[in-house]
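Read through the structure below, which is laid out as structure tokens, and then see the notes.
Each value in this text was obtained by applying a stated rule to the coordinates, not by laboratory testing. Only a predicted model underlies this, so the values are computations on that prediction, with no experimental measurement involved. Neighbour counts are summed over all protein chains in view; Cβ atoms, including those assigned to glycine, are modelled from backbone coordinates with ideal geometry.
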Amino acid sequence: MEHVISMEEFHSRKVERKEAGESSRDNDQPVIVAGDTHTLTITIQERGSTSSKEEKFKKLKQAQAKVQLGTTPKIREVVLMLRGHKHYRKYCEPRVVSLGPIHHGKSAYQLTEEYKLMLADKFIEKTGRTGEELYGIIEYNIKQLRGYYDEKVTQKYSDEDLAWMLFVDGCATLQFIDLVAHEKVKDFKIKNDQVAFVAQDLFLLENQLPYQLLNYLMENTQNSEGGNSLKMSIQSFINTHSMLDEDTKPPSDENAIHLLDLLRKRLLGTTGKEEHSTEEEKSGEKLPSTVNTVPNKKDEKSEKSVPNKNGKKDSKDWHSFRNVQELREVGIHLKPKKSSHLGEIDFKRVWNFYPGILSMPQITVDDSTGPKFFNLIAYEMCPDFENDFGITSYISFLDSLIDDPKDVIDLRNADILRNLLGSDEEVALVFNEIGTDLVPNPDIYRNVRVQIQQYYKMQSMTWISQVLHTHFSSPWTVIAFLAAFFVLGLSVVQTVYSILAYYKE
């Protein structure tokens, strides 16, 4: 509540308090001076005053408008839950170069600012446009480009400052990707280790540039071939850093949000249309999200679980196997799958009996694997990104198979996992660390988990596996088993002949 009093009344109140022995420092209420030099009034805000009910309900509506799933996800800081991870700085903060507003201006990245200016200048020369022309396009569309970021990460930048930042970063990024795709980075005296670090920085959530920014720059080259060549360079760059086989058709960049979004599409094989809607689609019916492994109608009906009142999952989602070692003990074999997408994991029984075969896509693990997967998980956890948690579910499933280095060795021997990181202990540690406290999509891999669990709990499979492991684990044990079987056969034949001879006599 506010009271407006005259200047004379204000001074008289102060005099009365002083005469009463009160300390003006402790008891003076905060004041706001309003009016001009001729008619001066004082507005006193009473302590404990609260906003009206109308204002409170207005805040409810404002919050509802801000938190909307299914809209285009904003480029933002990593969610608070992941910022407490012990490797947050290692996985989420740029190592060499900052792009966009979140880490802009930090002293750690000042060395690469000159490189960005040099690369941007070379890019401008290649486009056949002047720098003023390209910058003018970014400046003209800066309101739209600002909208691709979470409001709090751009609020301290004016339109002019943000436009220049995005212009330089966008040009430098496209030039760097084009050089890498055509293996010409040495022409710019950029060392291989720096190339690797910059490439890793391009896939950090907090380091993303709007793909629309890159589109504006690519589409305004002097000829269409130049723009198409740049798009092909991006596709090649994404393929190279996808951790999967490169011999596959890269995803379309239609509706792409940023480079990290393109990498996710490449890994999961999604088009992105079902997850990112255009402005026209937002006003209509919301498109459904998809999953990578969809059960058939029969299995979906029989195996689908419904959370109970407490939000707990059905018991069918529970599994008792802990790692690859336990799967091997019951005769489940690992097999690499010729697939270009992470989500294509399946399980089957040979002759519908024994053994069980778990087929998984091949994946390469190196120094960049941890940061890439961590940032992909952080991207899926963004509050405004409606998605199927495909990457989170894959990492959670893989983490359920890996407890220690022995599991990594089995995956490596099966040619499912290619270890370029170093020791098998390091690989196990990476997946155990990034797989902590994840909440996967229960529908993805549901059938795989259920089928493995059904196979795993059959005691007969354990017996068969133990017999085969004991007697057929190597050529020598096979020979020994056959020799023993042959001797046993001879003994049986000899016994039969002896009995027959006895009766003949």
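Would you mind ranking TYR455, TYR157 so that the residue whose beta carbon has the fewest other beta carbons within 10 Å leads the list?
Exposure proxy ranking, most exposed first: TYR157, TYR455.
Past the 19 Å Cα-Cα mark, which pairs from LYS122/LYS231; LYS90/LYS152; LYS122/LYS156?
From LYS122/LYS231; LYS90/LYS152; LYS122/LYS156, over 19 Å: LYS90/LYS152; LYS122/LYS156.
Taking 0.36 nm per intervening residue step and subtracting the Cα-Cα distance, what contour gain separates LYS337 from THR495 on full extension?
Details: separation 158, 0.36 × 158 = 56.88 nm, distance 5.14 nm.
Stretched fully, the LYS337-THR495 segment lengthens by 51.7 nm.
Between GLN144 and GLU425, how many nm apart are label points set 7 Å from Cα along the C-beta direction?
5.4 nm
Based on the alpha-carbon gyration tensor of the range 113-234, what equivalent-ellipsoid semi-axes (square roots of 5 times the eigenvalues) come out, in whole Å, largest first?
Three semi-axes, in Å: 23, 18, 13.
Per 5 Å bin from zero, what fraction in whole % of the C-alpha pairs of the range 319-456 is there, up to the bin with the longest pair?
Reading the bins upward from 0: 2, 10, 19, 24, 22, 14, 7, 2, 1, 0.
Which far-off residues, 5 or more places away or on another chain, put their amide H under 5 Å from the one on ARG418, with H placed in the peptide plane?
ILE363, THR364, VAL365
Any of LYS116/LYS184; LYS74/LYS186; LYS184/LYS265 with alpha carbons more than 24 Å apart? Name them for me.
LYS74/LYS186; LYS184/LYS265
Suppose each label sits 7 Å from its Cα in the direction of the beta carbon; what would the LYS191-GLN155 distance come out to in nanometres?
With each label point 7 Å from Cα toward Cβ, the separation is 4.1 nm.
Give the order of VAL492, VAL198 when sorted by the count of other beta carbons within 10 angstrom, beginning with the fewest.
Lowest count first: VAL492, VAL198.
Calculate, in nm to one decimal, what ILE357 and GLU54 gain on full extension: separation in residues at 0.36 nm each, minus their alpha carbon distance.
Numbers: separation 303, 0.36 × 303 = 109.08 nm, distance 6.27 nm.
Working it through step by step, the gained length comes to 102.8 nm.
So if each residue of separation counts as 0.36 nm, and I subtract the Cα-Cα distance between GLU219 and ARG322, what length gain in nm does that give?
Difference between extended and current length: 32.0 nm.
What's the FRET efficiency of LYS86 with GLN110 using the Cβ-Cβ distance as r and R₀ = 30 Å, to the nearest 0.05?
After rounding to 0.05, the efficiency reads 0.65.
Pull out a ≥ b ≥ c, the square roots of the eigenvalues of the alpha-carbon gyration tensor of the range 337-381, then state rounded if a/c is under 1.5, prolate if not and a/b is larger than b/c, and oblate in the remaining case.
prolate
Note down the net charge around ASP178, summing +1 for each Lys or Arg and -1 for each Asp or Glu among other residues with Cβ under 10 Å from its Cβ.
Combined, the nearby Lys, Arg, Asp and Glu give +3.
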